[in-house]
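The values are calculated or read from the model by the stated rules, or taken from the named source; none is laboratory data. Please read these numbers as outputs of a predicted model, since none were measured by experiment. When we count neighbours, we look across all protein chains shown, and the Cβ atoms used for this are built from the backbone with ideal geometry, even at glycine. What goes into the accessible areas is simple: the full protein's heavy atoms, side chains included, and nothing from ligands, DNA or RNA. Shrake-Rupley method; radii C 1.70, N 1.55, O 1.52, S 1.80 Å.
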Amino acid sequence: MEKDNCWQCGHRSAESLFCRFCNALQPPVMDYYAFLGMPRRLKIETGELESTFYRMSRLLHPDRYHRRTPRERQYSLEATAILNDAYRVLRDPVKRAEYVLRQEGFNIGEQRGNDVPPELLEEVFELNEALEELRGGDQSARPQLEQARQRFLAMQHDADRELDRLFADFDARGDRQTLASIRALLNRRRYISNLAGEVEKELL
Amino acid sequence: MSQIFQIDFGTQKKARVVGIDLGTTNSLAAYMDAASPRIIPDPAGRRIVPSVVSVAEDGEIIAGEPARELLLSRPERTVYSVKRLMGRGAADVQDELRRFPFHIAPGSETVLRLQLGDRQFTPPEISAAILRQLKKNAEAFLGEPVSQAVITVPAYFNDAQRQATKDAGRIAGLEVLRLVNEPTAAALAYGLDKRKQGVVAVYDLGGGTFDISILKLQDGIFEVLATNGDTHLGGDDIDNLLLDIALEDIQSEWKTSLARGGAAVQMLRRAVIEAKEKLSFVPSVNLEFEFEGRKYQRELTRELLERLIRPIVDRTLGPCRACLRDAGLTPDQIDEVVLVGGSTRIPLVRSAVETLFRARPHTELNPDEVVALGAAVQAAILSGDAEDKLLLDVTPLSLGIETMGGVVSKLIHRNSTIPASATEVFTTAVDGQRNVLIHVVQGERELARDCRSLARFDLKDIAPMPAGMARIEVRFLIDANGILNVTARDLRTGKEQSVDVKPSYGLTDEQVEAMIRESIESAEEDFAARQVREARLEADTILAAVDKAKGNPAWDFQFFVPEYQPGRLYRFVMRAAYLPYESHQQVEAAMRVHRAALADR
């Protein structure tokens, strides 16, 4: 089968969901941006993404293909899986950035290490002490942890703003330098949110 | 006669898909009638089929209400709450089995087998007997063969439990077009989409399972944001608490203990359930029980019940909070709350839900029926009769593979919208290695042994080559039923790689096929006599209905203009076609009487 030709009628139907001639559902493309018909940008308007998701769900969902040919049912299943995967990844700024980083050859998996960002070393040390105290039943550590939680949330907020700025930079320039900065920031942000999560768990 | 049989069969459209709620305690079927879903009653007019199956000495299988009666006379051959055993291994259900009067057969590690008399049955086969009863009721009521169904499952059911439910459908001769999560079905039934948009929480406390789902509604799309639950928490647990109290009382009063699993305990269980149900409406009831001339009675108050079940109600609140957190919402962002399942009639449950979500729950629809009604709506969606609606559900549990040191690498996270997929590339560790074994698990824990083993996938016939050279891409895809499909491709050749599936709990395809064959064969042998007996009963019902309808002017209208609104007569004629000869004659006789009556006028 020619890659770009419709499997049913043989007409060219390059990169569209349905054949323009016989309307048969085509095998889906795997790239999230291409699949959704969106330019590859890091800044995404989530409301727009959501309406694209709903619109395409109505077109592609297996519930709609129940009485069609087995082949179209299979394509509908695969296409909807990609649609759902794409929506889940692209609506979340962090996952979206990781997706683009991975496409650009950055290794994301190995960046999940637990190296403490140097500027947080002291803070983390104190925090662990306070956490130990609370786990040991010492409630006096509570206010300190509450403060730490607030501080982490603020730091997370700052990181998000910074991320937003870097996203705009990348969309304007498309350079690897910006992507490298984004990767570094994502690591820091991940570390902070893990800390915040840990504190929150103890405070509950 | 000719006039009657000139009905235009062309008006009969595509085969009807029924919706089925295969519950722990009760099961129901529903269909879509014009615009709204309706419950399908049995020939006697009962809307509920108790999920009870009994096997007679001669191997005859009885399901539903008659089986429920047999719980008292032959408890060791009668199965109830089989849903709790679906997709489970013997080790999972030790506690449970202690309470059941029936026994499991030896060698039930991967697939439970219940020993009923001299025969063994797997939980899917028992469920199939219930489904067969529902199918038969539906065929009698609708007057047409029914071969396709949407069946509901608890949202928190894992892969094996879902697969077992699908197997049950196949064994019963039903093509299961879709498994729908029960809370989602309930939201569909409520037609809450009419409000255009909003966030709905569905709290579903049934006989054996608890589910909480939070949905976002927008222009007919029902998007599940998060789900949580406990597949081992429900009304059964409340019954057991009350039963334990009564058993203790009796032991101290009578100085003998009732044999576990015996008929007496089943009678006591029934009395306790009745008392529990009454306590939802009155502050106190008298529990009475008589056995072999001895009498036991005590007062049960709602206050005592509430004290007893407080821990159970509290156990439902944890999943509710987790679900809110996963959906990224706070309680005040929930616009509506829907209650599902018989246990939500309990005032304490209602008030706990109301307090948590700060919203007055919906209770307009019967909580026992709402799930089946929703299944019928989903059936209509699949048939193309409700295209304005679309359900987007999620997978309740994370899916992962076991890696080095027994650690789980998560591939698809819980609460991902389904269908969902993930791709991983595998290679060989030893020169010339021909197989790669992938252990897939479900659950949230870090270690594979703390998760639920789902299956082992064996990538077979890998071309021999040095270690690390093979590149096999495996695609894990969870379909719209929440069931995992695995395909593999050799990246070097681009060819499909064969995969052998060894489910950890549950039946292989071959086993299911064998059960289907067996059920068809035994159906022919064992049940021929029973069918005739039932046909007679059914004919009696029809005769009575024909008699009663004679005086009704609407009946005459339908009679003369069958193709316009075939209605009941059409169904009777169709039904007659499925019945054995003698009842066919009875129906014809009834028609003759009826026509004579018309001619007289």
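So, in region B:273-309, how many residues would count as being in a strand (DSSP E or B) and out of contact with any Pro (no Cβ under 8 Å at 6 or more places or on another chain)?
Total satisfying the criteria: 15.
Determine the pairs where a residue that is farther than 10 Å from A:R91 by Cβ, located within region A:32-53, has a partner that is part of a loop (DSSP other than H, G, I, E, B) with Cβ atoms under 8 Å apart, the partner being 6 or more residues away or on another chain.
As it stands, the answer is A:Y33/A:P39; A:Y33/A:R40; A:A34/A:E15; A:F35/A:P28; A:F35/A:V29; A:M38/A:I44; A:T52/A:G37; A:T52/A:M38, since those pairs meet every condition given.
Can you pull out every residue in region B:302-322 that is under 24 Å from the mean Cα position of the chain (by Cα) and closer than 16 Å to B:N240 by Cβ?
B:I312, B:V313, B:R315
Of everything in region B:74-132, what is in contact with a helix residue (DSSP H, G or I) (Cβ under 7 Å, 6 or more places away or on another chain), assigned to a loop (DSSP other than H, G, I, E, B) and open to solvent by 40 Å² or more (accessible area, probe 1.4 Å)? Give them in sequence order.
Hit for region B:74-132 is B:E109, nothing else.
Can you tell me how many residues within region A:83-110 are more than 14 Å from chain B (Cβ to nearest Cβ), among the small types (G, A, S) and touching a helix residue (DSSP H, G or I) at 6+ places or on another chain (Cβ under 6 Å)?
1
Residue under question is B:P396, and the condition is that it be crowded, with 18+ Cβ neighbours inside 10 Å, in a loop (DSSP other than H, G, I, E, B), free of Cβ contacts under 8 Å to residues at least 40 places away in the same chain and away from chain A (no Cβ under 14 Å); does it hold?
no
Here are A:L153, A:L186: which of them is part of a helix (DSSP H, G or I), under 17 Å from the mean Cα position of the chain (by Cα) and either free of Cβ contacts under 8 Å to residues at least 24 places away in the same chain or within 29 Å of B:T417 (Cβ to Cβ) (or both)?
Just a single option satisfies the conditions, and that option is A:L186.
State yes or no: is B:T344 without any contact (Cβ under 8 Å) to a residue 24 or more places away in the chain and not in a strand (DSSP E or B)?
no
Could you identify the single residue in A:A79, A:A141 that is within 26 Å of B:T417 (Cα to Cα) and among the small types (G, A, S)?
On inspection, the qualifying residue turns out to be A:A79.
Out of region A:15-46, which residues are more than 26 Å from A:L179 (Cβ to Cβ) and either at pLDDT 90 or above or open to solvent by less than 70 Å² (accessible area, probe 1.4 Å) (or both)?
Residues satisfying the conditions are A:S16, A:L17, A:F18, A:C19, A:C22, A:A24, A:L25, A:Q26, A:P27, A:P28.
What number of residues within region B:399-416 are over 21 Å from B:L447 (Cβ atoms) and open to solvent by less than 10 Å² (accessible area, probe 1.4 Å)?
1
Filter region B:404-435 for residues that are polar (S, T, N, Q), part of a loop (DSSP other than H, G, I, E, B) and within 12 Å of chain A (Cβ to nearest Cβ) and give the result.
Once the filter is applied, which keeps residues that are polar (S, T, N, Q), part of a loop (DSSP other than H, G, I, E, B) and within 12 Å of chain A (Cβ to nearest Cβ), region B:404-435 yields B:N415, B:S416.
Is it the case that B:F457 is among the aromatic types (F, W, Y), more than 12 Å from chain A (Cβ to nearest Cβ) and assigned to a strand (DSSP E or B)?
Spelling it out, B:F457 is indeed among the aromatic types (F, W, Y), more than 12 Å from chain A (Cβ to nearest Cβ) and assigned to a strand (DSSP E or B).
In region B:477-512, what residues are within 14 Å of chain A (Cβ to nearest Cβ) and closer than 24 Å to B:T110 by Cα?
If the condition is that a residue be within 14 Å of chain A (Cβ to nearest Cβ) and closer than 24 Å to B:T110 by Cα, then B:L477, B:I478, B:D479, B:N481, B:G482, B:I483, B:L484, B:N485, B:V486, B:T487 are the ones that fit.
Which one is farthest from the chain's Cα centre (by Cα) among residues in region B:347-366 that are without any contact (Cβ under 8 Å) to a residue 40 or more places away in the chain and not in a loop (DSSP other than H, G, I, E, B)?
B:T355
Please verify whether B:Q163 is under 17 Å from the mean Cα position of the chain (by Cα) and surrounded by fewer than 24 Cβ atoms within 10 Å (Cβ to Cβ), treating the condition exactly as stated.
Judged against the criteria, B:Q163 is not a match.
Conditions first: (1) at pLDDT 90 or above; (2) assigned to a loop (DSSP other than H, G, I, E, B); (3) of a type outside the set (A, V, I, L, M, F, W, C). B:G494 passes all but one, so which condition is the exception?
Tallying (1) at pLDDT 90 or above; (2) assigned to a loop (DSSP other than H, G, I, E, B); (3) of a type outside the set (A, V, I, L, M, F, W, C), B:G494 fails exactly one: (1).
Just wondering, is there one or more residues in region B:468-476 that are closer than 25 Å to A:Y75 by Cβ, in contact with a strand residue (DSSP E or B) (Cβ under 6 Å, 6 or more places away or on another chain), part of a loop (DSSP other than H, G, I, E, B) and within 14 Å of chain A (Cβ to nearest Cβ)?
For region B:468-476, residues closer than 25 Å to A:Y75 by Cβ, in contact with a strand residue (DSSP E or B) (Cβ under 6 Å, 6 or more places away or on another chain), part of a loop (DSSP other than H, G, I, E, B) and within 14 Å of chain A (Cβ to nearest Cβ): absent.
Any residue in region B:33-47 that is exposed (fewer than 12 other Cβ atoms within 10 Å of the Cβ) sitting within a Cβ distance under 8 Å of a residue that is not acidic (D, E)? List the pairs, counting only those 6 or more apart or interchain.
As it stands, the answer is B:A44/B:T541, since those pairs meet every condition given.
Being at pLDDT 80 or above and open to solvent by 60 Å² or more (accessible area, probe 1.4 Å): is that true of A:R71 here?
Here the answer is yes, as A:R71 does meet what is asked.
With the requirement that a residue be without any contact (Cβ under 8 Å) to a residue 60 or more places away in the chain and closer than 19 Å to A:T80 by Cα, what does region A:15-30 give you?
Selection gives A:E15, A:S16, A:F18, A:C19, A:N23, A:A24, A:L25, A:Q26, A:P27, A:P28, A:V29, A:M30.
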